[in-house]
Amino acid sequence: SSDVCSSDLAHFHFMHCKDIAKVTKYLIDNPASEKEYVLGNEPLSLRDAIKALCKTFNVPIYFQFNITAKMIFFLSKVFKFTLGPWEKYCIENPDMRFKTVSPSTFGIKTSFPTITHVLEDIKALEFR
């Protein structure tokens with residue numbers, strides 16, 4: 001495992017609950033031979049997620065820097081916050097790219113294909 005949690009190296013998948021429901025309904029209505037799936041859209045780098053988050057909520061980015069796993073563990077001790085097993089695993093293994101399925105895999109329109117779509121949906125909640 002790499003000691004650097006670079007925001008360019010760290011990747012993850014996301015999926016809006018509306019799209020999870022679409023995949024779930026499709027699989028209930030159309031049983032498949034495969035029994036295990038990883039749900040998610042295309043992988044997203046941490047750096048791109050931060051940029052999208054800041055752009056959506058009009059927060060300027062003045063600078064960014066890479067942080068090591070050792071630094072995260074040190075800061076968790078200094079500020080006395082607990083890292084559970086999953087958090088530790090993610091810090092030690094920041095590249096979370098998998099073969100995923102989404103509604104489009106099954107020929108269904110994806111409602112929230114990008115993180116910006118998800119963030120805009122969250123932002124809209126502020127005014128409801």
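The values are calculated or read from the model by the stated rules, or taken from the named source; none is laboratory data. Source: prediction; values computed, not measured. Counting neighbours? That spans all protein chains shown, and the Cβs are built from the backbone with ideal geometry, glycine included. Side chains are part of the model used for accessible areas, which takes the heavy atoms of the whole protein and leaves out ligands, DNA and RNA. Shrake-Rupley method; radii C 1.70, N 1.55, O 1.52, S 1.80 Å.
Do we have any residue at all in segment 4-17 that's under 27 Å from V118 (Cα atoms), in contact with a strand residue (DSSP E or B) (Cβ under 9 Å, 6 or more places away or on another chain) and surrounded by fewer than 16 Cβ atoms within 10 Å (Cβ to Cβ)?
Yes: one or more hits.
Only residues in segment 43-61 that are among the acidic types (D, E) count as the first member; pair them with residues that are open to solvent by less than 20 Å² (accessible area, probe 1.4 Å) and at pLDDT 95 or above, Cβ under 8 angstrom, at least 6 apart or cross-chain, and list the lot.
none
Pairs under 6 Å by beta carbon, first residue among the charged types (D, E, K, R) in segment 95-118, partner part of a strand (DSSP E or B) and exposed (fewer than 15 other Cβ atoms within 10 Å of the Cβ), six or more apart or different chains?
That search, which allows pairs on different chains as well, returns nothing.
So how many residues does segment 29-42 have that are basic (K, R) and at pLDDT 95 or above?
Within segment 29-42, the first condition is being basic (K, R), and the residues that meet it are 35.
Still in the running and at pLDDT 95 or above: none.
Of the residues in that region, 0 qualify.
Considering (1) modelled with pLDDT under 95; (2) touching a helix residue (DSSP H, G or I) at 6+ places or on another chain (Cβ under 8 Å); (3) under 19 Å from T116 (Cα atoms); (4) open to solvent by less than 60 Å² (accessible area, probe 1.4 Å), say which one S45 fails and leave the rest.
(2)
Would segment 20-38 turn up any residue that is more than 30 Å from Y62 (Cα to Cα), open to solvent by 80 Å² or more (accessible area, probe 1.4 Å), among the small types (G, A, S) and more than 10 Å from the chain's Cα centre (by Cα)?
yes
Conditions first: (1) open to solvent by 70 Å² or more (accessible area, probe 1.4 Å); (2) more than 25 Å from C17 (Cβ to Cβ); (3) modelled with pLDDT under 95. F79 passes all but one, so which condition is the exception?
Here F79 meets the rest and fails (3).
Quickly run through segment 91-128 and pick out the residues that are in a loop (DSSP other than H, G, I, E, B) and open to solvent by less than 80 Å² (accessible area, probe 1.4 Å).
Correct list: N93, P94, M96, T100, S102, G107, I108, T110, S111, F112, P113, T114.
Which condition number in (1) open to solvent by 80 Å² or more (accessible area, probe 1.4 Å); (2) of a type in the set (F, W, Y); (3) over 28 Å from K123 (Cα atoms) is the one that F65 fails?
With respect to (1) open to solvent by 80 Å² or more (accessible area, probe 1.4 Å); (2) of a type in the set (F, W, Y); (3) over 28 Å from K123 (Cα atoms), F65 is out only on (3).
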